[in-house]
1. For the stretch B:62-85, give me each residue that is of a type outside the set (Lys, Arg) and at the interface with chain A (Cβ under 9 Å from one of its Cβ atoms).
2. When you look at A:TYR227, is it more than 11 Å from chain B (Cβ to nearest Cβ) and within 30 Å of A:ASP128 (Cβ to Cβ), yes or no?
3. Being on the phi > 0 side of the Ramachandran plot and crowded, with 21+ Cβ neighbours inside 10 Å is the filter here; which residues of the stretch A:90-140 pass it?
4. Exactly one of (1) within 30 Å of A:GLU105 (Cβ to Cβ); (2) surrounded by 18 or more Cβ atoms within 10 Å (Cβ to Cβ) is unmet by A:ILE175. Its number?
5. Just one of B:THR64, B:THR35, B:THR95 is β-branched (Val, Ile, Thr), at pLDDT 95 or above and surrounded by fewer than 21 Cβ atoms within 10 Å (Cβ to Cβ); which is it?
6. Of all residues in the stretch A:197-220, count the ones that are surrounded by 23 or more Cβ atoms within 10 Å (Cβ to Cβ) and either over 20 Å from A:HIS163 (Cα atoms) or modelled with pLDDT under 95 (or both).
7. Hey, among A:GLU70, A:GLU33, which residue is modelled with pLDDT under 95 and over 26 Å from the mean Cα position of the chain (by Cα)?
Amino acid sequence: MSVTKSAVRTGVMLIAGWALAGALALAQAPTKEPAKKDPNAAALAAEKTRLTALGLKYKTAWGLFSALKEQAHGGKPITNQTIPDWEGIYTRTKGGTAFDPDGPEQGETPLGHFTPEYKAKLDKSVADRKKGIEYDPLSQCNSPTYPRWLDLPFMREFIVTPHQTTMIAEAFNSIRRIYTDGRGHLPAEDQFPTETGDAIGFWDGDKLVVHVNSNMAHMYERAQGFYSDQVEGVEIWHKVDANTLVANVWIYDPPALVEPWYVRQSYTRIDDKGKTLRINNWSCKGNSNNDVYETSDGGSQHGKFTFEKQGSAEKSK
Amino acid sequence: MRRLALTWAAAALALAPLAVAHHSASMFEAVKTVTLTGVVKEFQYTNPHSWLIVDVKGADGTITSWGFEAEGPSTLMRAGIRKSDLAPGTKLTITGHPMRDGRPAATWIKATRADGRVMDPHPPKE
């Protein structure tokens, strides 16, 4: 395509106008119509206060899980006739990739209460991010691990059967299996770290209550804090309306958190009336333009692109 | 090179998230955008990221292939962008956050085909 000076001038003017319009919009923000308030905001805030306090009553995730099970009189197994309808493709309702959907956006300090050691690690990662220094092990398509699984973007499926619920995240082909057949965890001496944890649960009506242990140390998300290999979770999953699956989650991690971190995760069923959506496997090997490596200063960089000209390799790894 | 504009666009940034979920976006300029006009060379519709390769002719006639990174196929499908929408030879103008190191790559913010169709690779909220 040919280049003309007028086209360049037009482009610059358009961009300048765009930026100016944006700046004016920001300047005029106070006069804009206020954002619509969530009519359920007060009720959700009260529920969050109650559930946060519930977590604080128990020193361990297992303690909370056991209390919930006792309260449900051990739970009642579902049958093929009483399986809740969780069919469909879902995606996270809000939160971006921040672990706590009610917390600040990724890049600002999250709401979890970290121990001094883990707070220092978090603060450094937040400060480094602001300086443009950041690397994520998931760049190599490693497992996101648990509880990071909960805040992954993209699509998800939930497959419920009487004896097992299978949760599939499109990202990183990451699958969780929650056993509801009455089994317990492996004996402590036989437990070992797993990529998405060892999860057992029971049904309390149409609510799935889960305990997760045997996890790996990792990060909640980039600049969202780190967890140890002692992290455990308790979850209560519930379909609150035709298109919304909610998980109330308590994270316990004594090395990293001074108190359990309660978060309300929510997943919305995607309208796929055209039946065009597909959950396809991920592979970091399928397109070399997606190669990302860690730089010597702890940052991230793309490898050599296939579309780069020959001779530009000195700029790449 | 036909670089229509390289500008700081902080005011527009809130509307243009860096589309990189499986890796950090730190290799891209968060507060600069580049807008180019060219022809689609290839649409790599792949996980975990898709790449739209666009040939851009410079003032001296030299062709530079630029890569624009977006999320994978499921996100593009939800955004209404199919592989056939950007077949090789399609003329367009595209805006993205460029690489910090100056290589010809950027995150894809918005593309406008010659027929006027605007393609934002970020799906609408459900």
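1. Result: B:THR64, B:SER65, B:TRP66, B:GLY67, B:GLU69, B:GLU71, B:GLY72, B:PRO73, B:SER74, B:THR75, B:MET77.
2. yes
3. A:GLY95
4. The one condition A:ILE175 does not meet is (2).
5. B:THR64
6. So the answer is 2.
7. Details: A:GLU70 fails: modelled with pLDDT under 95.
Of A:GLU70, A:GLU33, the one residue that is modelled with pLDDT under 95 and over 26 Å from the mean Cα position of the chain (by Cα) is A:GLU33.
Residues are listed down the side, and each one gets a yes or a no for (1) in the same structural domain as A:LYS131 (by TED's automatic domain parsing); (2) under 23 Å from A:GLU117 (Cα atoms); (3) touching a residue at least 60 places away in the same chain (Cβ under 8 Å):
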position	(1), (2), (3)
A:LYS239	yes, no, yes
A:VAL249	yes, no, yes
A:PRO260	yes, yes, yes
A:LYS275	no, no, no
A:ILE279	no, no, yes
A:VAL292	no, no, yes
A:THR295	no, no, yes
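The values are calculated or read from the model by the stated rules, or taken from the named source; none is laboratory data. Since this is a predicted model, take the numbers as computed values, not measurements. Neighbour counts are summed over all protein chains in view; Cβ atoms, including those assigned to glycine, are modelled from backbone coordinates with ideal geometry.
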